[in-house]
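Colleague: Structure in structure tokens, see below.
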Amino acid sequence: MTNSNTRDDTSDLQKYGVPFYGAGWVPYNHVRSKLTSQQKNEEDDKDPTQSKDDEITASENYVVLAGGGGEGHSGIPNAILVSHVDFAYNSLSDQPVFKLGTGSDLPYRMTVHPRGDGIICALQQSCRLFEWEESEGNGVHKLGVKASEKVLTQLEDVGQQLALRFNSEGSMLAVGGEDGNLRVFKWPSMEIILNEAKAHSSVKDLDFSYDGKFLVSLGSGLCRIWDVTSSKVVASLAKGNDEVFAFCRFSQINDRNQVLYIAAITDRGGSILTWNTTMWKRMCSNRVVREAISSFNVSADGKFLALGTVGGDLFIVNSSNMRVQMMVKRAHLGLVTALTFSPDSRTLVSASMDSSARVTAIKDKKKSGGMSWLIIFVVLLAIAVYFMKEKGIIP
């Protein structure tokens, strides 16, 4: 299924029967490496230095999706799904390649470990670790997940957690609760680094800086910047009069510099606020959508910002000028709940409460606009000269 505003070769949508709250790209090369190292009967003649990972990465691309109907007897399952992504056709598998039911526990939030240690899901009262597993049938490897035997004791009976985030190296885990409690742990030891009981009235979003030095935590009215080493607040970023902070992401703009983006909901729609990360001053504010923003993410290369709206629209914004580069009108029938970029920043997967997931290839901005106007001008000039000759105005 493809939206009329996109070409068949740039977008594909699948429905999986589970309302989604989270989505993440699977770091398959790391996952496969870990799974291989765990196999005791690995063939002795395989050379670990050969470029097997490159072959796998090129042909095996997965996203993991989580959600469900919650508690009760709605008949809608709570589950974690793995879907295959085909870059050649920009499509998702018709059916998930793996589905793990979580019983009455709704995986409301999710974060994927960047080095293949698994995924952590926030359930109603606790957080649970799920590990990757792989089965083989008919010569085809199928990636799946299983509940880990490792219990995250420090995250048992802590209430609903609304934000989960690993740093880029996977050595730290930040967790923010509905009760406003902010916790940061070393991974995988789960040694506590920061434990702030009232960081916000409720923690809505979190993100680590690329170098892991800073953590941003977001509440409705206040954004705080934490020095991870000292566990101290180094800056507090206040909202404008009509702004409600919704999401936050650090982004690398070059080898040395990064910025902080905050997606805010205003009376006029959705805006992206940009802050520098040295003096923590607001650099600019750009209104990019007319509807409220329901999800937000930034590509790994920092070139693109993705926004989903409550109306199901999808926007991809070019960070260099803060203009919309692509829009998929009604990409989903329900609000967009999660967005995740591929590692090469060229593909976006979006998920929705309407039980759908969509893969969208990011098209390069065409630079032929000036040439098109030139052609139109030449054609109009030729028509004018023709009629002037017919009327004898010019010889």
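The values are calculated or read from the model by the stated rules, or taken from the named source; none is laboratory data. What you are looking at is a predicted structure, and each value in this text was computed from that prediction instead of being measured. So basically every Cβ, Gly included, is an ideal-geometry build from the backbone, and we count neighbours across all protein chains shown. Calculation scope for accessible area: heavy atoms of the full protein, side chains included, ligands and nucleic acids excluded. Shrake-Rupley method; radii C 1.70, N 1.55, O 1.52, S 1.80 Å.
Colleague: Which ones in the range 227-243 are in a strand (DSSP E or B) and either crowded, with 17+ Cβ neighbours inside 10 Å or aromatic (Phe, Trp, Tyr) (or both)?
Modeller: Step one: filter the range 227-243 for residues in a strand (DSSP E or B), giving 227, 232-238.
Of everything in the range 227-243, those that are in a strand (DSSP E or B) and either crowded, with 17+ Cβ neighbours inside 10 Å or aromatic (Phe, Trp, Tyr) (or both) turn out to be Ala235, Leu237.
Colleague: Name the residue, out of Gly170, Gly176, Gly159, that is surrounded by fewer than 18 Cβ atoms within 10 Å (Cβ to Cβ), more than 30 Å from Gln39 (Cα to Cα) and of a type in the set (Gly, Ala, Ser).
Modeller: Numbers: Gly170 fails: more than 30 Å from Gln39 (Cα to Cα); Gly176 fails: surrounded by fewer than 18 Cβ atoms within 10 Å (Cβ to Cβ).
Going through Gly170, Gly176, Gly159 in turn, the sole match is Gly159.
Colleague: Just give me the residues in the range 199-226 being modelled with pLDDT of 95 or more, in a strand (DSSP E or B) and open to solvent by 20 Å² or more (accessible area, probe 1.4 Å), in sequence order.
Modeller: Of everything in the range 199-226, those that are modelled with pLDDT of 95 or more, in a strand (DSSP E or B) and open to solvent by 20 Å² or more (accessible area, probe 1.4 Å) turn out to be Phe214, Arg224.
Colleague: On to the next question. Please go through the range 264-281 and give me each residue that is touching a strand residue (DSSP E or B) at 6+ places or on another chain (Cβ under 6 Å) and closer than 21 Å to Gly212 by Cα, ordered by number.
Modeller: Listed by number, the residues that qualify are Thr274, Trp275, Asn276, Thr277, Trp280.
Colleague: Could you look through the range 8-27, keep only residues that are at pLDDT below 95 and not polar (S, T, N, Q), and pick out the one that is nearest to Ser350 (Cα to Cα)?
Modeller: Step one: filter the range 8-27 for residues at pLDDT below 95, giving 8-12.
Going one step further and asking which of them are not polar (S, T, N, Q), we end up with 8-9, 12.
Details: Asp8: 17, Asp9: 16, Asp12: 11 Å.
Among those that are at pLDDT below 95 and not polar (S, T, N, Q), it is Asp12.
Colleague: Can I ask one more? Have a look at Ser271, Ser209, Ser251 and point out the one that is closer than 22 Å to Val289 by Cα, in contact (Cβ under 8 Å) with a residue 60 or more places away in the chain and not acidic (Asp, Glu).
Modeller: Details: Ser271 fails: in contact (Cβ under 8 Å) with a residue 60 or more places away in the chain; Ser209 fails: closer than 22 Å to Val289 by Cα.
After applying the criteria, what remains is Ser251.
Colleague: Pull up the range 247-263, narrow it to residues that are crowded, with 21+ Cβ neighbours inside 10 Å and among the aliphatic types (A, V, I, L, M), then point me to the one that is farthest from Thr337 (Cα to Cα).
Modeller: Among residues in the range 247-263 that are crowded, with 21+ Cβ neighbours inside 10 Å and among the aliphatic types (A, V, I, L, M), the one farthest from Thr337 (Cα to Cα) is Leu260.
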